[in-house]
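What follows is a short report on a single structure.
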Amino acid sequence: MIISNPLEQKSDRVDIVKIRLETLGKQEIYLWKELVKRDETLFAEIYQLIYSENPRIAWHAAWVIDHVSEEDPAKLKPYVPELIDRLPCLKSSSLKRHFTRMLLSQEIPEHLLGTLVDVLYNLLSPEEAVAVRANSLQLLYNISMIEPDLKPELISVIEGILEEELTPGMKSKGRNLLKGLRR
């Protein structure tokens, strides 16, 4: 698969990338992951597409960026402030899941911790998808290890969540996080 040609203008390349992302099949998405791991410019181009108005392009782009950054978290580091800034504006559960998952592998700048904590508490709403809630809990737990003053409130929130009707996986996640918080 040829993604770009040196003679193509950047906008033409981005258009080609959009078309390819929109029609990706499961096997091809893994190929894209490998291509993006090796090409910083392509990483930046696909990162920008996670904000596409086309939900399919945005979701596929987020999947690729999420999985590339899982293997190489440093690639995503420059984008962390923007991820945190845009997280509260997302409507798609799949994008929220990918954004929170991407943030799990990142060191959050201290000046953004307060903003992120507020956003994450909002994502614990029962209306959110279970994966979004689970990632948000894990992020809050990780932050509480840096900011221990957050532990009492997080314990209280997790206890409240455990009283809800939840999936077995979410209950297990909550109990495990509580154990870690109480140590």
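Observations
- Criterion: part of a loop (DSSP other than H, G, I, E, B) and more than 13 Å from residue 102 (Cβ to Cβ) - qualifying residue of 53, 28, 34: 53
- Taking the criterion of being modelled with pLDDT of 95 or more, open to solvent by 30 Å² or more (accessible area, probe 1.4 Å) and among the β-branched types (Val, Ile, Thr), the only residue of the range 103-138 that qualifies is 115.
- The range 47-70 residues that are within 13 Å of residue 91 (Cα to Cα), paired with ones that are of a type in the set (A, V, I, L, M) and outside any helix (DSSP H, G or I) (beta carbon under 9 Å, 6 or more apart): 58/50; 59/50
- Residue selected from the range 60-93 under the condition open to solvent by 10 Å² or more (accessible area, probe 1.4 Å), among the hydrophobic types (A, V, I, L, M, F, W, C) and touching a helix residue (DSSP H, G or I) at 6+ places or on another chain (Cβ under 8 Å), by the criterion nearest to residue 19 (Cα to Cα): 63
- Number of residues in the range 22-56 that are surrounded by 12 or more Cβ atoms within 10 Å (Cβ to Cβ) and modelled with pLDDT under 70: the value is 1.
- Residue within the range 140-148 that is in contact (Cβ under 8 Å) with a residue 12 or more places away in the chain, among the hydrophobic types (A, V, I, L, M, F, W, C), buried (at least 19 other Cβ atoms within 10 Å of the Cβ) and within 26 Å of residue 52 (Cβ to Cβ) present: no
The values are calculated or read from the model by the stated rules, or taken from the named source; none is laboratory data. Remember, predicted model here, so these are calculated numbers, not experimental data. Because the Cβ atoms are built from the backbone with ideal geometry, glycine has one as well, and the counts that use them run over all protein chains shown. Areas reflect the complete protein model, heavy atoms only, side chains present, ligands, DNA and RNA absent. Shrake-Rupley method; radii C 1.70, N 1.55, O 1.52, S 1.80 Å.
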